[in-house]
Amino acid sequence: MLDLRRRDFITLLGGAAAWPLAARAQQPTMPVIGFLVSTSPDGFTERLRKFSQGLREQGFVEGENLAILYRFADNQARLPELAADLVRRKVAVIATGGPPATFAAQAATATIPIAFLVADDPVRLRLAVSLSRPGNNMTGINVFNAEVAAKRLELLRDLVPGITRIAVFINPADPEMMETQLRDVGTAARAMGLHIQTHDATTSAEIDGAFKAFGRERPDAVFVPTSPFFNGRRVQLAQLAAFHHLPATYALRDYAEVGGLMSYGSNIVDGYRQVGIYVGRVLKGAKPADLPIVQANKFELVINMHTARMLDLVVPPSLLALADEVIE
């Protein structure tokens, strides 16, 4: 009788010890999302902060009720491998920045939701059926920076009226982004009587080589198109343009902030906040096919006056009046 009571007590104790384990097993698993871009983490701090802000607006905080797997390629060739890894890990959503990363995610999965940020028309890029109803597992933000390339050239001409020859960088590894910009810049240049010289660059060494060539060919100004590769080399591009005493125009304010002469484009940093919002909405059950693609509707002109003075340029009052920010 004593042995029986002892056995019952041990069984009861063992069951009680198992209760917390059973309770933990029944708790919902923390969702895991992937974050994929083709650049390095350098200079991405503010974009990630805004991305986290967008998630918080939907009630998700990393480390509390959400986990994030960050994948920074720093080389477009690694994107398919990194995208496939996120798919193998069965993440709930993949957030992407730029067409190369978005194409890699698109190729890796047709079922995991993808929230993207691109600077060109997502329909033209074949990422969506339409802007109002994307129609597949993808939706996101179009910041339009590739589609205002002609306006950037016009603003550059306003700042440096005497220019006739423009050196335009091209990244052959990002043909979709280059196509729209090169077409629009070419059309605008012909209308303004400007001559364009294109220079391919897919590595930092090739950027250095292009600027050495500028010493022989001597263009009047430089046009840097929007591209994740060029964005990740913005300090190098801004410094080389200043060293060679060449006016240059860029799509992102990041360039002007590190010494670039001028930038014109939408606020890409806030675009990442919207990506975070869309990721949060998908985690709550929304389908990407039903989330309209958000299009940027505000563009900002930023002029670095220190660089302008260094290049012996006088910024016209009319251009200063248009500027959203003047960096002294």
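Are there helices (runs of 4 or more DSSP H) fully within region 1-103 with at least 1 residues that are at pLDDT below 95 and in contact with a strand residue (DSSP E or B) (Cβ under 8 Å, 6 or more places away or on another chain)? List them.
Details: elements: 2-26, 45-57, 79-88.
So the answer is 45-57.
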- [ ] Taking Met305 as the residue in question, decide whether it is free of Cβ contacts under 8 Å to residues at least 24 places away in the same chain and touching a strand residue (DSSP E or B) at 6+ places or on another chain (Cβ under 9 Å).
- [x] yes
Open item on the list: Just to be sure I understand the filter: pairs with C-beta atoms under 6 Å, separated by 6 or more residues or on different chains, first member in region 72-101 and under 26 Å from Thr203 (Cβ atoms), second member of a type in the set (Phe, Trp, Tyr). Which pairs pass?
Closed with: Thr96/Phe116
Open item on the list: Name the residue that is farthest from the chain's Cα centre (by Cα), counting only residues in region 144-161 that are modelled with pLDDT of 90 or more and over 18 Å from Leu237 (Cα atoms).
Closed with: Pro161
- [ ] Determine whether region 255-265 contains at least one residue that is out of contact with any Phe, Trp or Tyr (no Cβ under 7 Å at 6 or more places or on another chain), in a loop (DSSP other than H, G, I, E, B) and crowded, with 21+ Cβ neighbours inside 10 Å.
- [x] yes
Open item on the list: I'd like the full set of residues that are small (Gly, Ala, Ser) and modelled with pLDDT of 95 or more, limited to region 211-223.
Closed with: Ala221
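Output the residues belonging to region 104-132 that are of a type outside the set (S, T, N, Q), closer than 24 Å to Leu55 by Cβ and not in a helix (DSSP H, G or I). Before you say what the answer is, go through the steps one by one.
As a first pass, look at region 104-132 and keep what is of a type outside the set (S, T, N, Q): 104-105, 107-108, 110, 112-129, 131.
Filter again for closer than 24 Å to Leu55 by Cβ, leaving 104-105, 108, 112-119, 122, 127-128, 131.
Ile112, Pro113, Ile114, Ala115, Phe116, Leu117, Val118, Ala119, Pro122, Leu127, Ala128, Leu131, listed by residue number.
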Open item on the list: Filter region 97-154 down to the residues that are surrounded by 21 or more Cβ atoms within 10 Å (Cβ to Cβ) and of a type in the set (S, T, N, Q) and list them by number.
Closed with: Thr102, Gln106, Thr139, Asn142, Asn145
Open item on the list: Restricting to region 234-250, and then to whatever is within 22 Å of the chain's Cα centre (by Cα) and crowded, with 20+ Cβ neighbours inside 10 Å, can you tell me which residue is modelled with the lowest pLDDT?
Closed with: Arg234
Open item on the list: Here are the criteria: (1) outside any strand (DSSP E or B); (2) under 21 Å from the mean Cα position of the chain (by Cα). Tell me which single one Phe169 does not satisfy.
Closed with: (1)
Task: Subset of region 183-202 (residues that are out of contact with any Ser or Thr (no Cβ under 7 Å at 6 or more places or on another chain) and either touching a residue at least 40 places away in the same chain (Cβ under 8 Å) or buried (at least 18 other Cβ atoms within 10 Å of the Cβ) (or both)) - done: Asp184, Val185, Ala188, Ala189, His199, Ala201
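The values are calculated or read from the model by the stated rules, or taken from the named source; none is laboratory data. Predicted model, so just to flag it, every value in this text is computed and none were measured. Using ideal geometry, Cβ is built from the backbone for each residue, glycine included, and neighbour counts are taken over all protein chains shown.
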